[in-house]
Structure formats: structure tokens, C-alpha cells
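Single-structure report; data block below.
Where a number appears in this text, it was derived from the coordinates with a stated rule and is not lab data. This structure is a prediction, so every number in the text was calculated from the model and none was measured. Using ideal geometry, Cβ is built from the backbone for each residue, glycine included, and neighbour counts are taken over all protein chains shown.
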2 protein chains.
Amino acid sequence: MTASTATLAETAKPRDNKRPQVLDSAARYFREQGYAASSMRDIAAAAGMKAGSMYYYFASKEELLVAVHEEGIRRITKAVNAALAGPAGPWERLEAAMSAHLASLLDGGDYAQVVTRELPRDDGPARRRLIGMRDDYETIFRGLVDALPLPPETSRRHLRLMLFGAMNWTQHWYRPAGDTPEAIARAFVSVLRKGDQP
Amino acid sequence: MTASTATLAETAKPRDNKRPQVLDSAARYFREQGYAASSMRDIAAAAGMKAGSMYYYFASKEELLVAVHEEGIRRITKAVNAALAGPAGPWERLEAAMSAHLASLLDGGDYAQVVTRELPRDDGPARRRLIGMRDDYETIFRGLVDALPLPPETSRRHLRLMLFGAMNWTQHWYRPAGDTPEAIARAFVSVLRKGDQP
DNA sequence: GTCTATAGCAAGATAGAC
DNA sequence: GTCTATCTTGCTATAGAC
């Protein structure tokens, strides 16, 4: 607060804040082992500290999960919005957004993958807030699908739900040696676009 | 073995075998709470016994998961094959198979939902066998997609992967009060079929 | 901020009586 | 077949020294 001499982006002493490392470690474990199977000890060890020390940054394991979720949604939202700055055509915009979503999910996307897979089980305020954030994100795609030139009888809701399913399911079959996220997005759009536009 | 007087479908004494109840209970818990968060005590209680007694039927918790998987794949394969007995057109056959898959997944489908969500984490023989069974099942859809009349440039592989993603993602948004599994299958096919055939 | 130590509890699995 | 009792292990979280 009174940091008249502090450098930018540092609200506290620079040397102590290992919060990002803790969060990275948690994201990696939650993705690889699942939330329930990840222990605070393991997460702490990978972040270079002991389990007890993590409670300085996060009051509980669930709070750690919530923080990973928030960061994941923040990152993927940012990536998709950045990708939408360029293209103008409705199909091109959809493909760009899908490409960014897939890249976030598939290329080292510990955070994003946790978002699609682990949600706090009990119906507390934490769970509801995360669902709200996820819904906000999905609103972007609602707009993109609504902008597509489609036959009037097409259910845009089902098309959007298909897209999310197709995208988030890629985690189960994606291999780094195979298609890139961009290629997958292109292929998905091409399947849908069939007769519509040259 | 020497059961010359035993009735059909009973290899042992009829009154003792509570294995199906145990399996049902495990499937329900694995679906509702996830594998890691389900305790042998809870599963046993819902099956009307104590935790120790379950080890008479299954040697470990993981063996219970494998058995639920096998039963789940068996059921959904049977349902899809039955649905394919009727229709003849390629799109009609795909829609029938999707409808059966979705019904298995969404209508009280504890077993099927576990198949799509929980896999043994460590790379043992159990995990590999389950993946093999799942791949065999997916072969059915490979044939159905290959039979579709599509523009030559369409990637049938990506179309098939889209379908599985779209179908298995329905668990996350399906509500019993909304669309039926049949209606969802119809809507998905209609999105894909667009200009192709009247 | 990070440590050690530990409280307090729940888990999977086993042994042996019945 | 099912029970009770228990072993062993691992977990989250806290307390207090440094």
C-alpha cells in the first residue's frame, strides 16, 4: 500500500510469494491423478515445501481446487478472446475460437483440463461460483454459434453442446504426435460446414 | 459341476449370491462420488453387508471397478446391437445406435457412466483390457460412420470422434425433464446431415 | 514463511469366529 | 457367506518453534 518504491506487479515482498508454484503443482497433480487421489504432501513436495507450509497460501485442499479452476477459466477465456481479435467471417471466428480452446486444453493445459474434469462434489457456494464462471465462458460460444449461417431448422443449442463435447473429449484421444489443435479445429469445422458456404 | 438337478443360469446355490447387489451398489457409488471418493464401507452398506464381507466376492476395490466396467460395456454393446436390428438406411442406423448409446448413458446408466469416466490409473493389465473392450465397442461406430454418404473430403475419423465427444458429454448437461435420449440423437444427426439427403 | 510434530480420523484389507 | 475386530497406512489440518 505505501510501496512508493516498489516495482510494478509486486504488491508484497517479491522473494516470499511461492503461491504460483503451489498452484502449478496442484494443477499438475489434479490433472494427472485426479483431485481425490492427489495428496497435499505430494503437491507440496513438487512445489518445494512441506504440506503444512501450504496452508499459509490456501486454507484447505478444496480452496486449492477452486483457485486452479479460476485460473484455468481465466486463461482459456483470455486465449479465446485473443483469437477472436482477428477473423471476421462467422465460420472463421468459430474455428479460431475452437482452435484456441483446444490449444489451451491440449498443450500443457493442466489448468484447463482440471476445469473440464474436477468440480467440488458438494453443493457449496464454491461449486456454484465455478459453474457460473464456466457458464460465462460458454456464452462466448453461444454468440459464435448464433452468428453462423445455418438452415432455419438447425438446433443451435444442440450444435453448441455438440461442439463442447467434441472439444473437451479430445483429451481422451489426443496425442502430441498426431493432429495439432489447429488441425483438429479445422477438421471439426469442416465436418459441420459441409454444404453451406464455398 | 455335478449339478445334474440345478436349474438353468445357476452355477451355485441360488440363495447366497449377492454379487449383483454388490456390483449395483459399486456402480452407483462410483458414478455419484467417483471411484477414489467411494469407500468399501459405503458400497457394502448399500448392498446390505459389511465391508469385510465384500472381499468374498471381489479381491480388491480395483477388481470391483473392473467388474463394473465390464458389465457396463457389455450392456451398452448389447443395447446398441439390438437397436441396429431394425433400420436399414445409413443415417437411420447411426441415429438408432446413438439413441441406444445415449439411453444407456442417461437413463439410470450407472454402469455406462462409470465406463466413460473412471479408468484404473496405473498401467496394469486391468486397465489395458478395459481399453481394449472399449475400443471393440467403438468399432461398431466406425462401421456406421464409414457407411455414411459423405463428401469425399470429410474426415470420417474426426466425425466419429466428434460423435463420441458429443454423446458422452451429454452427461454434463442432460436433465431428465428436458430432451429424451432419442430427441438428442435426432438433433445431433440432423445437425450433421444438413444438405446431404432429403 | 517454512519447519517439525502430531492430532484425529478414515481408508483398504485381513484373520478367524460363527 | 457374513460377521467383528483389528492391522497398517495414509490423509487433512493444526500448533507452535524458529
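At-a-glance table
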item: Estimated distance in nm for a label pair at A:Asp42 and A:Ala82, the labels positioned 7 Å out from Cα along Cα-to-Cβ; result: 3.1 nm
item: Copies compared at B:Gln21 - label distances in nm, ascending, label defined 7 Å from Cα in the Cβ direction; result: 5.3
item: Helix B:90-106 vs. chain B, principal-axis angle (Cα, 0 to 90°, nearest 10); result: 30 degrees
item: Vicinal HN-Hα couplings computed from phi for region B:147-153 (Karplus, 6.51 cos²θ - 1.76 cosθ + 1.60; Hz; Gly/Pro x); result: 7, 6, x, 10, x, x, 7
item: Intensity falloff of region A:69-193 expressed as log10 I(q)/I(0), Debye formula with alpha-carbon point scatterers, at q = 0.13, 0.18, 0.20, 0.21 Å⁻¹; result: -0.53, -0.99, -1.19, -1.29
item: Cα-based helix-to-principal-axis angle, B:156-169 vs chain B, degrees rounded to 10; result: 50 degrees
item: Calculated Rg and Dmax of the protein assembly as shown using C-alpha coordinates, Å; result: 23.9, 93
item: Copies compared at A:Glu32 - label distances in nm, ascending, label defined 7 Å from Cα in the Cβ direction; result: 3.3
item: Exercise: per-residue mean of other protein chain Cβ atoms within 10 Å, A:152-163; result: 5
item: Ranking of B:Met54, A:Met133 by count of other Cβ atoms within 10 Å, fewest first; result: A:Met133, B:Met54
item: Nearest-first distances (nm) between copies at A:His172, label 7 Å from Cα via Cβ; result: 1.2
item: For chain B, with +1 on Lys and Arg beta carbons and -1 on Asp and Glu, the positive-most of B:Val115, B:His158, B:Gln21 along the dipole; result: B:Gln21
item: Sorted by Cβ density within 10 Å, fewest first, the residues A:Ser155, A:Ser99, A:Ser60; result: A:Ser60, A:Ser155, A:Ser99
item: A:Glu118, A:Glu92 arranged by Cβ crowding within 10 Å, fewest neighbours leading; result: A:Glu92, A:Glu118
